[in-house]
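The values are calculated or read from the model by the stated rules, or taken from the named source; none is laboratory data. It should be emphasised that the depicted structure is a prediction, and the values quoted were computed from it without experimental measurement. Cβ placement follows ideal geometry from the backbone for every residue including glycine, while neighbour counts extend to all protein chains displayed. In case anyone asks, the SASA skips ligands and DNA or RNA and just uses the protein heavy atoms, side chains included. Shrake-Rupley method; radii C 1.70, N 1.55, O 1.52, S 1.80 Å.
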Amino acid sequence: MPVRPVVVYGDPALHARAAEVTDFNDELRSLIADMYETMHAANGVGLAAPQIGVGLRIFTYTMENDDGVPAEGVLVNPRIVLGKVSGAQPDPDDESEGCLSAPGLSFPLKRAEYARVMGFDGDGNPLDFEATGWFARMMQHEYDHLDGYLYVDKLNPKWARRWKRAKKSLEWGVPGNSWMPGVDPDPFGH
C-alpha cells in the first residue's frame, strides 16, 4: 500500500472524464488501498483516482457525518443527484474549499446542501445514501474530479480571478507538477 504522488492542476488526468471501472478485482482493491494510504498521508478528507494520475471513476473519503453513513469509505462508479444550489454569493468564512490538487489554496464556492449518492464499494456491492451539509459538499467535490473538474473551475468571477493569479504565480496549469504526501511539507499546514 504505497503512498502515491498527488498531481497538481494542469495534469491531464485531472481534466478528462474518468473511465468506468469494469472489473472488481484484486488490482482494483490494491488501487483503493493505495488511495486510502495517500489520502491519510495527505491529511485529506477525500481523494479521487485522477488526483493520483489514474483515470478511473473511484474516490475515497473520510469524514464524520450526521447522515448515518460510515465515516470512511470508497465509491466506485458513483452517480450523484443534487439538491438546489443557492444563487447567493458564497460565504468566504463558511463555504471555502481546498483541494489536494491545488495544494495550499482555498476559495469559497456555493454547493448544494443535499446529495443522493449511488455507486459501488470496492467489492462491487451497491451503495445508496443521502449526504447533507459538509458531507454533501465533499461528495460533490470528489465527484467533480471524476468528470474532469476541480472546484477552482467552478468559482464565481471574483474568486476565479484570484485563482488565475495564484495559478500563474505558482506556475500551475501544465503537466508535470505533483507533491508527495508524507514527504513534502503539508501544503495545508496540518
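Side notes on the structure shown:
- For W179: the one exception among (1) over 14 Å from the mean Cα position of the chain (by Cα); (2) open to solvent by 40 Å² or more (accessible area, probe 1.4 Å): (2)
- Output for the stretch 143-163, where each listed residue is open to solvent by 10 Å² or more (accessible area, probe 1.4 Å), in a helix (DSSP H, G or I) and closer than 15 Å to P78 by Cα: Y143, D144
- Check on L14, modelled with pLDDT of 95 or more, more than 17 Å from the chain's Cα centre (by Cα) and buried (at least 17 other Cβ atoms within 10 Å of the Cβ): no
- The stretch 164-177, residues that are without any contact (Cβ under 8 Å) to a residue 60 or more places away in the chain and assigned to a helix (DSSP H, G or I): K164, R165, K168, S169, L170
- Restricted to the stretch 97-127, and to residues there that are assigned to a loop (DSSP other than H, G, I, E, B) and basic (K, R), the residue that is nearest to R165 (Cα to Cα) is K110.
- If the condition is being within 16 Å of L56 (Cα to Cα) and of a type in the set (G, A, S), then the stretch 114-168 contributes G119, G122, G124, G148.
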